[in-house]
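The values are calculated or read from the model by the stated rules, or taken from the named source; none is laboratory data. On a predicted model such as this, the values are computed, not experimentally measured, just so you know. Reconstructed Cβ throughout: ideal geometry from the backbone, glycine too, with neighbour counts over all protein chains shown.
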Amino acid sequence: MTDALLDTAKAETPFSAAQCLSTVAKRYGKSPMAQVRDYMQLHFGPGRLSLKEYYDFRLFDDSRYSPEAKRQFLGVKAQQRLYARHIPMNWRATVGDKIIFYALYDGLGFPVPQTKAVLHPRRSMKNVTHVQDTAALEYYLRDPGHYPFFGKPVGGIFSLGVVSAESYDPQTDQIALSDGRTVAVDEFVSATAGYFKIGYLLQEPLLPHPALAPLSDNRVSTIRLMVMHGADGPEIFRALWKIPGKGNIADNFWRSGNMLASLDFETGTVRRLVRGTGPMQESLTEHPDTGASIDGFTLPDWDDTLDLCLRAAAAVPGLPLQAWDIAICPDGPLLVEANIGGDVNLPQIASGDGIMDPRLIAFLEERR
């Protein structure tokens, strides 16, 4: 849900099994009984798919997927079991805690967003303003020199709790947000006060590479690179581009209007662009808000992006499955964050292919 300022939970797209059954029967000629049989085989198979995932991945389309191809799709339940088995707990904080992550990678010399302030009673970072309580936060926010900034929770996921602030007006005591809203300082403090227990970061906002700015109305987008880290080092096995739609301050796919583009990870060229999931998913060739052509577009600084990802992945060898979010900025690629394994729904929806292909299966078999 959304409070006056921050998203506190993902806005889930309403799911109606009855509507999906009916739509697929009419559009694809697959009877409801055939859909149920198909789903049950996948639900009790290795992918442990839920009914919603069955439709989200469009696995009802027998012209697109063979039975073998359908079994390569992984659901959230199976993903959780996979990560619990293969990702050691003692390595997870290196990327799961953003204070540790940014301090580690900044210390190692990697390009990361510049942190302006840490909001937490005790935790801090070198050469970063330490805001210890709400009174100190009010004081910080009333200094026009501290703007603009992008705020995010230390342990946040799915871009929940983020905010983008442009400026402060001392006459009205209000903060101008990048989405056009204004909010009083005390309202901002009230909305973020609950994050002091885990920590909250205020960072310099990022800018997109000049070649990318016209595509998404100057909003920042990130590249998601899925990495396997084995005995021979890290290797990238999936690549996608998360593209924000109109009015969204973050590129996470759950936000209405955002898109996913599957990439050729060797060249950085867009192979497929989609918006939405399930029977109503749209295949696009251009950004619907800007009209910019995206299908076949090749991302700038791609070799540097791959090199940055592989070097960053090598620094955390205890994480065999990693997912990196990298922004391509005017000065080149920059590490936005890393994820423990990552949400496998994203590459599966972006490419239309299941993630449990022979390459990943062989990697996991080697780890047994």
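Overview of values
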read-out	value
Selection count where residues are in a strand (DSSP E or B), over 17 Å from the mean Cα position of the chain (by Cα) and of a type in the set (Val, Ile, Thr), scope the range 283-342	1
The range 286-300 residues that are among the hydroxyl-bearing types (Ser, Thr, Tyr), paired with ones that are in a loop (DSSP other than H, G, I, E, B) (beta carbon under 7 Å, 6 or more apart)	290/216; 290/217; 293/285; 298/267; 298/268
Matching entry among 219, 238, 275 (being under 17 Å from the mean Cα position of the chain (by Cα) and under 23 Å from residue 177 (Cα atoms))	219
Filter pass, residue 55 being hydroxyl-bearing (Ser, Thr, Tyr), outside the structural domain of residue 278 (by TED's automatic domain parsing) and buried (at least 18 other Cβ atoms within 10 Å of the Cβ)	yes
Test: residue in the range 83-104 that is within 20 Å of the chain's Cα centre (by Cα), modelled with pLDDT under 95, under 20 Å from residue 357 (Cα atoms) and part of a helix (DSSP H, G or I)	yes
Extreme residue, surrounded by the fewest Cβ atoms within 10 Å (Cβ to Cβ), among residues of the range 245-257 that are closer than 12 Å to residue 158 by Cβ and out of contact with any helix residue (DSSP H, G or I) (no Cβ under 7 Å at 6 or more places or on another chain)	254
Filtered residue count, the range 206-263, keeping only those that are at positive phi and touching a residue at least 60 places away in the same chain (Cβ under 8 Å)	3
So residue 137, is it modelled with pLDDT of 95 or more and crowded, with 20+ Cβ neighbours inside 10 Å	yes
Test for residue 37: is it farther than 30 Å from residue 158 by Cβ and either outside the structural domain of residue 250 (by TED's automatic domain parsing) or surrounded by fewer than 15 Cβ atoms within 10 Å (Cβ to Cβ) (or both)	yes
Pairs, first assigned to a helix (DSSP H, G or I) in the range 25-52, second aromatic (Phe, Trp, Tyr) and surrounded by 13 or more Cβ atoms within 10 Å (Cβ to Cβ), C-beta under 7 Å, six or more apart	28/60; 35/60; 38/60; 39/54; 42/54; 51/39; 52/15
Matching residues, the range 107-123, being assigned to a loop (DSSP other than H, G, I, E, B) and either touching a helix residue (DSSP H, G or I) at 6+ places or on another chain (Cβ under 7 Å) or surrounded by fewer than 17 Cβ atoms within 10 Å (Cβ to Cβ) (or both)	108, 109, 110, 112, 114, 120, 121, 122, 123
When residues of the range 329-354 are limited to those that are out of contact with any strand residue (DSSP E or B) (no Cβ under 7 Å at 6 or more places or on another chain) and surrounded by 16 or more Cβ atoms within 10 Å (Cβ to Cβ), the one farthest from residue 57 (Cα to Cα)	329
Top-ranked residue of the range 59-80 - restricted to ones that are touching a residue at least 60 places away in the same chain (Cβ under 8 Å) and buried (at least 20 other Cβ atoms within 10 Å of the Cβ), ranked as nearest to residue 342 (Cα to Cα)	74
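Listed here are the residues, each with its yes/no results for (1) β-branched (Val, Ile, Thr); (2) within 11 Å of residue 229 (Cβ to Cβ); (3) out of contact with any Leu (no Cβ under 9 Å at 6 or more places or on another chain); (4) free of Cβ contacts under 8 Å to residues at least 40 places away in the same chain.
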| residue | (1), (2), (3), (4) |
| --- | --- |
| 304 | no, no, yes, yes |
| 316 | yes, yes, no, no |
| 320 | no, yes, no, no |
| 334 | no, no, no, no |
| 347 | no, no, no, no |
| 353 | no, no, yes, no |
| 357 | no, no, yes, no |
